[in-house]
1. Check Gly82: other-chain or 5+ apart residues with amide H under 5 Å from its amide H, H built from backbone geometry?
2. Once phi is turned into θ = phi - 60°, what whole-Hz ³J(HN,Hα) does the Karplus curve with 6.51, -1.76 and 1.60 give for every residue of the range 182-195, x standing for Gly and Pro?
3. Give the residue from Trp276, Ile263, Val160 lying farthest towards the positive end of the charge dipole for the range 160-336; charges sit on Cβ (+1 for Lys and Arg, -1 for Asp and Glu) and the dipole is referred to the Cα centre.
4. At a temperature of 4 °C and a viscosity of 1.567 mPa s, determine how fast the range 42-113 diffuses translationally according to Stokes-Einstein, using the Kirkwood radius over alpha-carbon pairs as Rh; express D in µm²/s, rounded to the nearest whole number.
5. At q = 0.20, 0.22, 0.26 Å⁻¹, what log₁₀ I(q)/I(0) does a Debye calculation on the Cα points of the range 5-85 give, no solvent, two decimals?
6. Assuming R0 = 56 Å, what is the FRET efficiency of Arg204 and Tyr78, from their Cβ-Cβ distance, to the nearest 0.05?
7. Please give the peptides 36-47, 198-209 ranked by average Cβ packing (other Cβ atoms within 10 Å per residue), highest first, as a rough proxy for protection.
8. How big is the convex hull of the Cα atoms of the chain, per residue, in Å³?
Amino acid sequence: MKFIDEIEISVIAGNGGSGCVSFQKNKTRTLNRKVPNGGDGGKGGDIYLVSDKDMNDLTYYHYHRTIRAENGKNGRSYLRKGKKGKDMIEKVPVGTKVFDEKKNMIMDLKFHNQSIKVAVGGSFGLGNHRFRTKRSDRFTEGKYGDKKKIFLELNMIADVGLLGMPNSGKSSLIRQISSAKPKVADYPFTTLFPHLGVVRTEKRSFIVADIPGLIDGASKGIGLGIRFLKHLERCSILLHVVDISQEDTRSPIERIKTIDSEIISYKKSLFEKERWIVFNKIDLLDEKFYKKTVDEIVQKISWKKKYYSISAIKKIGLKNLCRDIADYISSERTISC
Ligand SMILES: Nc1nc2c(ncn2[C@@H]2O[C@H](COP(=O)(O)OP(=O)(O)OP(=O)(O)O)[C@@H](O)[C@H]2O)c(=O)[nH]1
Ligand SMILES: [Mg+2]
């Protein structure tokens, strides 16, 4: 299965139909002149992109690299206008940025049902009835429609982004709290591309993004993570999921620092986002032990922001976490309004 979040496509709008040259039949032959009655052509179809919340990625365009709109039809006799070419309306996921050939952004489709005209159909030609000079056989041709390349880049729109090492339980968490059902398994890199899930709380709903795990060197392109970090750039909060039970060669503190340094190397603005630590898999540890461990970690790394102890599998601490996220998002929206 593919996940495509960047692609170049060609858009070819419809050509305008040409005007017609025709003359009215003069049955009585009383008039010694021809009356022009050729109709105008039809305009070429335009191409629009419309954001749709039900589209996940840009994979559709991998199989549809060229989008064409219909040509306008030529005009006909008796002043009949040629049919307008049908517009082409294609869906893109919410969060798609549209760039022109020179890579200048022309639109950021941030909300559901926003649209942009990316190629304009050619204008129609005029029939000879427009040129009412004597015995006129003048007409004009329809114009070519736009033909160009555009670039689409998806930056998913989510309120909350899940970050962490592979196997820390990010997908297990999103499965428990939201509608998303990414695969969960006991090996690294189970998640290969981002998933979005909607979480519904009493107060409000919010969207969570689960991305593949990050490892050492992610910011230099090692593993899968870096490629997908851009999907967290629009989030209000990042949740750094840490496996507290893991008997790894590295301590949880070292693992936290690894992720921190990867995020900072990727982009400072991402590092400066509101970020909470979520210590997961507490069901595998004795209560006293995990509390002591968590206290030690937050002290040693001088963590000043929020942190939570949860078990994604046993659903411990999830309600509290989701309630706080809903509160945070609501307060942030109020401030920014
Ligand atoms: N005991 C226990 N196991 C958990 C918990 N959360 C996740 N797991 C297990 O940890 C393993 C990894 O979980 P995933 O949710 O796939 O981890 P991930 O962070 O999405 O991993 P990647 O997609 O590889 O980055 C699975 O075997 C889960 O069943 C938990 O709270 N308790
Ligand atoms: Mg996963």
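What follows is calculated from the coordinates using simple rules that are stated; it is not laboratory data. Values in this document were obtained by computation on a predicted structure and should not be read as measured data. Reconstructed Cβ throughout: ideal geometry from the backbone, glycine too, with neighbour counts over all protein chains shown.
1. Distant-sequence amide H within range of Gly82: Asp40, Gly41, Gly42, Gly75, Arg76.
2. Karplus-based 3J(HN,Hα) across the range 182-195 equals x, 5, 10, 7, 8, 8, x, 6, 5, 8, 10, 8, x, 10 Hz.
3. Val160
4. Details: Rh = 14.1 Å.
Roughly 92 µm²/s, to the nearest whole number.
5. Each listed q corresponds, in turn, to -0.87, -0.94, -1.09.
6. Values: r = 61 Å, r/R0 = 1.10.
Once rounded, the FRET efficiency stands at 0.35.
7. Numbers: 36-47: 26.3, 198-209: 17.4.
With the highest mean Cβ count within 10 Å placed first, the list reads 36-47, 198-209.
8. Working: hull volume 55.7 nm³, N = 337.
So the per-residue Cα hull volume is 165 Å³.
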